[in-house]
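Beneath this line is the structure, given in structure tokens, with notes to follow.
A short reminder: the numbers here are calculations on the coordinates, not readings from a lab. From a predicted model like this one, the values you see are computed outputs, not experimental measurements. Because the Cβ atoms are built from the backbone with ideal geometry, glycine has one as well, and the counts that use them run over all protein chains shown.
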Amino acid sequence: MSSDQIPAKTSQRNWGFRFSLSTLMLVMLAVAMYLGGRASVTYRYALAPDLAGSWQATLPRGFVQPTTVQDFGEGRYHVRSRASIFNGVYQWRNGQLVVVVPDDERMIGLVWKWDGTKLTLVAEPKSTPTGSSYVGTVLTTAPANAGP
């Protein structure tokens, strides 16, 4: 048998499927779109929004309390409400407003979550020092006064 008659060995392995360049590009595009969408949702709430102004706190039992938010800059806010348990200085942290200096020392642990239009109380001290739970309280912008 001469060397011309020996079949050449191939180094290709047959995995049972083949990708074309266009298929690979489509898969990469889909992955990039998914990751870009996830990053934009995270980024949207990373920066502190403009929360300064008049708000109203709607407590879980339906009571409505006027509330004001003052912007101290650099993601720090002062919250003042007739429902005084919420009063204190808060820090903006990745889509949440976290109390850092509460007016009432027992209320360390208050966390409000921002959804783009309102703040919802999602965490409070585990011992519920006031006797009631206020989780679920919603802060919405106060409606403009009608009339002159």
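Computed over neighbours whose Cβ is under 13 Å from that of Leu139, the net charge equals +3, Lys and Arg +1, Asp and Glu -1. For region 53-141, a/c is less than 1.5, where a ≥ b ≥ c are the root eigenvalues of the C-alpha gyration tensor. That puts it in the rounded class. 3J(HN,Hα) couplings calculated from phi for region 135-142 with the Karplus curve 6.51 cos²θ - 1.76 cosθ + 1.60 (θ = phi - 60°) are, in sequence order, 4, x, 4, 10, 9, 10, 5, 5 Hz; Gly and Pro show x. Cut-off is 10 Å between beta-carbons; in what order do Ile108, Ile85 appear when sorted fewest neighbours first? Fewest-to-most ranking of Ile108, Ile85: Ile108, Ile85.
Given axes a ≥ b ≥ c from the Cα gyration tensor, I'd like to know whether region 95-148 is rounded (a/c under 1.5), prolate (a/b larger than b/c) or oblate. Taking the square roots of the gyration eigenvalues as a ≥ b ≥ c, region 95-148 is prolate.
Sorting 110-116, 28-34, 130-136, 73-79 by average packing, meaning the other beta carbons within 10 Å per residue, from highest down gives 110-116, 73-79, 130-136, 28-34. In nm, give the distance between the simple-model label positions of Thr120 and Ile108, each being 7 Å from the Cα along the Cα-to-Cβ direction. Roughly 2.8 nm, to one decimal.
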